[in-house]
Number of protein chains: 2
Amino acid sequence: MASKGVIALDAMGGDHAPASVVHGANAAAERFPEFRWLLVGDESLITPLVKDAPLLAGKVEIQHASNCIADTERPSVALRSGRSSSMWQAIQAVHDGRAQAVVSGGNTGALMAISRHILRCPPGIDRPAIVSFFPTARGETAMLDLGANIDCQADHLVQFAVLGAVFARSVLGLPNPTVGLLNVGVEDMKGRDEIRAAAQRLREGSFPFAFHGFVEGTEVTAGAVDVVVSDGFSGNIALKMAEGTAVLYTHFLREAFKASWTARIGYLFARRTLAQLRNRVDPRRYNGAVFAGLNGVVVKSHGSTDAYGFANAIGVAADMVQQGFMDEIRKECERLNWKSDTAQPAVSA
Amino acid sequence: MASKGVIALDAMGGDHAPASVVHGANAAAERFPEFRWLLVGDESLITPLVKDAPLLAGKVEIQHASNCIADTERPSVALRSGRSSSMWQAIQAVHDGRAQAVVSGGNTGALMAISRHILRCPPGIDRPAIVSFFPTARGETAMLDLGANIDCQADHLVQFAVLGAVFARSVLGLPNPTVGLLNVGVEDMKGRDEIRAAAQRLREGSFPFAFHGFVEGTEVTAGAVDVVVSDGFSGNIALKMAEGTAVLYTHFLREAFKASWTARIGYLFARRTLAQLRNRVDPRRYNGAVFAGLNGVVVKSHGSTDAYGFANAIGVAADMVQQGFMDEIRKECERLNWKSDTAQPAVSA
């Protein structure tokens, strides 16, 4: 079978690594049988795990890396002294063309810093953004930036809109995604200057996707748009409030079903449907945050996830490679010719 | 019975006004029998409603106002030409000392603009902030600013911390509230400059409440602190994402219980406990957003709420009057002597 590509895995990143990484790769290999796998990390730990992973047989290469970056390491320190780490070497494999994507459950700040340092941004993109997706009333919605850029200008938000829309096309399989800007109201005069300026550019310019306008938090969860664009500060807070509220509601529900004998009986009857609901909002299903806007596919897995969650993060990377995410990004950036826009703000679209 | 105070009600504000306002006042009068009520609005509409409100008998004064401010009116227009409106006259009653608090379900922007214009901020407070509270895993948490101030400096966040803590003491009945700053991480170096500067002042200064440090969205819903402080942009987005996620979860739950016959039977047994859960997260229970930081108590009700919801907004105002919110604010501001701190840099609105 001809390989569709190679995915590099930072085998040492995450609380349950390398076991969660190798078992996750084995699970992902069932859904993506045409991929090959580059496992980077401590060979003596990885090799026995791979022997127990039947679906990886004949499709895996192990690259030894002598150390790994701690979760507590500052990004600046990781950047100076992390060259021999599993994370660095896995990203390097993408840069060298030996892999088409990298997945890591390690230190987020270090992963971003090293990815930016090694891979750089393609022409037309000033900064990478973190994008992920979550369930809404109408399906699934992608959101970015989730924390890479605390402060953003209008140009960055416009670039994020393109990155997010291409992501929605590649990973969520939506041919014509709609894009909204996260704001405190939907009227034109609402919000910060940079958001209003970005809205104007998305409305007037040659933006190749459907721009919906501003969206509020309540519309995000209702699924009013397929892609929600925000600065990294508000985006991170929005995501974590949604996560926290889901956890809270689950807690309330659990308490409610313990409140009386009739409620307990009700739980017994509803057990299967409640398990399906739990599965529907299981955060492991939505694991895999993409560092979009780099010359290469970089996916961050939650550090605390298990093999099932890690396999889903790998799935995001595999979808992006299969759907030609990088080629699409380059094409859209060329089409819009933003570099001239952002270099000389006086030039009109 | 000696009156504890007068609460002015904008009888014309809200989708179901004046009926929801008069019926809401009647319901609130049961919990707060020692208050008197000043109903401001169209006398010909209010008078017959009051006759059907037995608990208001002998405790109500009607002040005729010839018009009301539309929900679509721009705040600047309302400020220029709204003097004869029910909203303006109700706020004016607080300024004149004829009432100790005002509650309105009308146009939010107009209510803020007119309140600021008439009541002004007490010494030590530069800007009012919108504060409200919602359920968490450990009880109830207050949050501010929820949208009045899109951009905030460190001084404003510190002032919000005091306003929020006094609110938690007055309305939530917490003698020693803990305060956290909403951020994208809990480590010292995380977030924007103004947030880090505010944290330093709250840690070092004479802040009379317990400062917890930074909190993320997931900690907010877990109830890690009693008061969450944020700029109005992120605060508004955080609140609406939480509201939207609660609605989404309810939607998922409803779908789940329709999914099979066993689930429907389970629903029948669990009906009562699920109704209690719905009641626990009923937004009408948490109705009543306070414009804190003015010389007077101003409470905004949701425009779409009913009499039950409006009564809860009145309850927030009555709690604040009974607990001496304004006196506490003045005392805390004097104690901290902030005016000297904030007087130097001219902060633009």
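The values are calculated or read from the model by the stated rules, or taken from the named source; none is laboratory data. Values in this document were obtained by computation on a predicted structure and should not be read as measured data. Heads up, the Cβs are rebuilt from the backbone with ideal geometry, glycines too, and the neighbour counts pull from every protein chain shown.
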Within the range A:266-280, restricting to residues that are within 7 Å of another protein chain (Cβ to nearest Cβ), closer than 16 Å to A:P135 by Cα and not basic (K, R), the one that is surrounded by the most Cβ atoms within 10 Å (Cβ to Cβ) is A:L277
Checked B:S304, B:S260 against criteria (in the same structural domain as B:L119 (by TED's automatic domain parsing) and more than 24 Å from B:Q322 (Cα to Cα)); the one match is B:S304
Considering only the range A:151-161, I want to know if a residue exists there that is surrounded by fewer than 24 Cβ atoms within 10 Å (Cβ to Cβ), over 21 Å from A:H212 (Cα atoms), in contact (Cβ under 8 Å) with a residue 40 or more places away in the chain and of a type outside the set (K, R).
yes
Among A:L45, A:L38, A:L9, the single one that is hydrophobic (A, V, I, L, M, F, W, C) and without any contact (Cβ under 8 Å) to a residue 40 or more places away in the chain is A:L45
Residue hits (the range A:188-230; among the hydrophobic types (A, V, I, L, M, F, W, C), closer than 13 Å to A:A154 by Cβ and without any contact (Cβ under 8 Å) to a residue 24 or more places away in the chain) are A:A199
Condition check: acidic (D, E) and at pLDDT 80 or above. Does A:D319 satisfy that? yes
Picking from B:N295, B:N312, the residue that is more than 14 Å from chain A (Cβ to nearest Cβ), of a type in the set (S, T, N, Q) and touching a Pro at 6+ places or on another chain (Cβ under 8 Å) would be B:N295
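Being within 14 Å of chain A (Cβ to nearest Cβ), acidic (D, E) and either assigned to a loop (DSSP other than H, G, I, E, B) or touching a strand residue (DSSP E or B) at 6+ places or on another chain (Cβ under 6 Å) (or both) is the requirement here; does B:D151 meet it?
In short, yes.
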Restricting the range A:218-233 to residues that are at the interface with chain B (Cβ under 9 Å from one of its Cβ atoms) and among the small types (G, A, S), the one surrounded by the most Cβ atoms within 10 Å (Cβ to Cβ) turns out to be A:S230
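How many of the residues making up the range B:309-325 are part of a loop (DSSP other than H, G, I, E, B) and within 12 Å of the chain's Cα centre (by Cα)?
0
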Considering residues that are of a type outside the set (A, V, I, L, M, F, W, C) and within 18 Å of the chain's Cα centre (by Cα), the number found within the range A:84-110 is 7
Considering only the range A:207-218, I want to know if a residue exists there that is out of contact with any Lys or Arg (no Cβ under 9 Å at 6 or more places or on another chain) and assigned to a helix (DSSP H, G or I).
no
Quick check: anything in the range A:40-49 within 21 Å of the chain's Cα centre (by Cα) and modelled with pLDDT of 95 or more? yes
Residue hits (the range B:298-309; crowded, with 21+ Cβ neighbours inside 10 Å and within 14 Å of chain A (Cβ to nearest Cβ)) are none
Note: among B:N176, B:N183, just one is under 24 Å from the mean Cα position of the chain (by Cα), polar (S, T, N, Q) and within 14 Å of chain A (Cβ to nearest Cβ), namely B:N183
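Matching residues to (1) under 28 Å from A:P175 (Cβ atoms); (2) within 14 Å of chain B (Cβ to nearest Cβ); (3) not basic (K, R):
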{"site": "A:Q92", "(1), (2), (3)": "no, no, yes"}
{"site": "A:N107", "(1), (2), (3)": "no, yes, yes"}
{"site": "A:L111", "(1), (2), (3)": "no, no, yes"}
{"site": "A:I114", "(1), (2), (3)": "no, no, yes"}
{"site": "A:C121", "(1), (2), (3)": "yes, no, yes"}
{"site": "A:I130", "(1), (2), (3)": "yes, yes, yes"}
{"site": "A:R138", "(1), (2), (3)": "yes, yes, no"}
{"site": "A:T141", "(1), (2), (3)": "yes, yes, yes"}
{"site": "A:L146", "(1), (2), (3)": "yes, yes, yes"}
Of those in the range A:240-265 that are more than 7 Å from chain B (Cβ to nearest Cβ) and part of a helix (DSSP H, G or I), the residue farthest from B:S234 (Cα to Cα) is A:W261
When (1) more than 21 Å from B:V131 (Cβ to Cβ); (2) exposed (fewer than 15 other Cβ atoms within 10 Å of the Cβ); (3) modelled with pLDDT of 90 or more are applied to B:P345, the one that fails is (3)
Restricted to the range A:211-239 and to residues being of a type in the set (G, A, S) and over 14 Å from A:A148 (Cβ atoms), the residue farthest from the chain's Cα centre (by Cα) is A:G213
Given the conditions (1) at the interface with chain A (Cβ under 9 Å from one of its Cβ atoms); (2) surrounded by fewer than 21 Cβ atoms within 10 Å (Cβ to Cβ), every one holds for B:F214 apart from (1)
Item to complete: Might you let me know whether the range A:234-245 holds any residue that is over 18 Å from A:Q159 (Cα atoms), in the same structural domain as A:D155 (by TED's automatic domain parsing), surrounded by fewer than 23 Cβ atoms within 10 Å (Cβ to Cβ) and in contact (Cβ under 8 Å) with a residue 12 or more places away in the chain?
Response: yes
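Filter the range A:281-292 for residues that are within 13 Å of chain B (Cβ to nearest Cβ) and crowded, with 19+ Cβ neighbours inside 10 Å and give the result.
The answer is A:V281, and nothing else.
Here's a check for you: in the range A:162-187, which residue that is in contact with a Gly (Cβ under 6 Å, 6 or more places away or on another chain) and free of Cβ contacts under 8 Å to residues at least 60 places away in the same chain is nearest to B:R74 (Cα to Cα)?
Kept after step one, since they are in contact with a Gly (Cβ under 6 Å, 6 or more places away or on another chain), are these residues of the range A:162-187: A:163, A:183-184.
This time we only want the ones that are free of Cβ contacts under 8 Å to residues at least 60 places away in the same chain, so: A:183-184.
Details: A:N183: 18, A:V184: 16 Å.
The residue in question is A:V184.
Based on this model, can you work out whether B:R203 counts as more than 7 Å from chain A (Cβ to nearest Cβ), over 21 Å from the mean Cα position of the chain (by Cα) and either within 20 Å of A:H251 (Cβ to Cβ) or of a type in the set (S, T, Y) (or both)?
No, not satisfied.
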The number of residues in the range A:211-260 that are out of contact with any Gly (no Cβ under 8 Å at 6 or more places or on another chain), of a type in the set (G, A, S) and at pLDDT 95 or above is 2
Flagged in the range A:266-296 as within 16 Å of A:G147 (Cβ to Cβ) and either under 12 Å from the mean Cα position of the chain (by Cα) or free of Cβ contacts under 8 Å to residues at least 12 places away in the same chain (or both), in numbering order, are A:Y286, A:N287, A:G288, A:A289, A:V290, A:F291, A:A292, A:G293
